[in-house]
1. For segment 128-232, just list the percent of Cα-Cα distances falling in each 10 Å bin from zero outward, please.
2. Under a GNM of the chain (C-alpha, springs under 10 Å), which listed residue has the highest mean-square fluctuation: Gly152, Gly280, Gly228?
3. With no solvent and one equal point scatterer placed on each C-alpha of segment 80-183, evaluate the Debye formula and give log10 I(q)/I(0) for q = 0.12 Å⁻¹, two decimals.
4. Could you pull the Rg and Dmax for segment 209-356, using just the Cα atoms, both in Å?
5. Three principal axis extents, largest first, for the C-alpha atoms of the chain, in Å?
6. If the only charges are +1 at each Lys and Arg Cβ and -1 at each Asp and Glu Cβ, what is the size of the charge dipole of the chain around the Cα centre, to the nearest 20 debye?
7. Sum -39500 (n - 2.57) across every DSSP H segment of at least 4 residues in the chain, then divide by the residue count to get the 222 nm mean residue ellipticity, nearest 500.
8. Rounded to the nearest Å, what's the spacing between the alpha carbon centres of segment 146-212 and segment 217-294? Just the number, please.
Amino acid sequence: MRVLYGVQGTGNGHITRARLMCKALRNAGIDVDVIMSGRAGERPDVPEFGDYTQYKGITFYHSNGKIDRLKTARELSLGQAWLDMGKLNLDRYEMLINDFEPLTAWAAKRHGLPSVSVSHQAAFTQNIPTREMGTFNRLLAHHYAPCQHALGVHWYHFQQEILPPIIEPMDELNSDGSILVYLPFEDLQEVIFLLQRFSRYQFKCFHPAIKNKEQSDNVLLHPIDRRGFLKALADCSGVFCNAGFELPSEAMAAGKKLLVKPLHGQFEQVTNAYTLQSLGLASVLQSLEPFPVDAWLQQDQAEPVIFPDVSAFLANRIKDGTWQDTELLSQQLWQQVSYPSATQLVINDIESGVEAESTALSKIRLTS
């Protein structure tokens, strides 16, 4: 069996999820070819992708913690994207697996190739609580990378056909008191200035603007390095990051307390922050202000969330052809999830239709 895997290159979360899925698919005896688009900058080295193909696609640009709409529009190359899509030969593939990548999704739609979206964005095509989504973003979620089937991943199922997060288990977890900081969409100097106010704490800060490892008072600055990053994540006591999906998932699975700052103008991150805080899984910071950070630093260590090995489970279902029963697939995986006691109480109230008593931004209600 040979499948094509389309990966959105904007942000590392898509790449991390696809890397784990490609490894699981190959372990299940499936041949995988990878196409990535939307990645600005140098081509990332991802051994699990093999000799993959990269296109410019459609890239989202960011500046100072916000979506840069002007630069995104200025760099938009729909004509080139259409030409690249037309070049794709899908004859050798039995199906497409897609992580919010538009070129392969539209090519599969045009050629009638069976396709399934395995992404966090696919969860937003279902009836789940959102914030600041609006008509445009709703259309974007449904039509940016359309697939026949949607297997969205999220931290809770909301009684929809959604899967738990796809994450890589970590061994040798510690808690050395340090704080891992990953805020790639924020200005680095502003981040350092904020962290240096808390001289009693040690921070390990990873950022695309850092080129060499160096110590700046209580802040250890790291260039982006996957192996070093995972070591810092395994050793730390807490994670301070933007409100993406993969890193918060890894942090909560490792039992690290979590502080997230959503990227303004990005409905997915705003919704993620709302969901995390409403479920009692994270604290939320709206701007780089010291007082909420100070309150979070004084919190106790978090309890881990237990997630199953979703990538191996899904890869085996793809191999034996039973993955299209998405309702059963979802049920089997969520039966293996275990939440911290405080979060489980919130979920029990949600599922019983009782409004949860919480200091969250707002109260999550189950959608019907």
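Rule-based calculations on the coordinates, nothing more; no lab input. Just so it is clear, the structure is predicted and the values come from calculations on it, not from any experiment. FYI the Cβ positions are ideal-geometry reconstructions off the backbone, even for glycines, and counts take in every protein chain you see.
1. Going out from 0 Å in 10 Å bins, segment 128-232 shows 11, 29, 24, 27, 9, 0 percent.
2. Of Gly152, Gly280, Gly228, the Gaussian network model singles out Gly228 as fluctuating most.
3. -0.54
4. 17.9, 55
5. Principal extents (Cα only, largest first): 60, 49, 42 Å.
6. 880
7. That comes out to -10500 deg cm²/dmol.
8. Centre-to-centre (Cα) distance: 4 Å.
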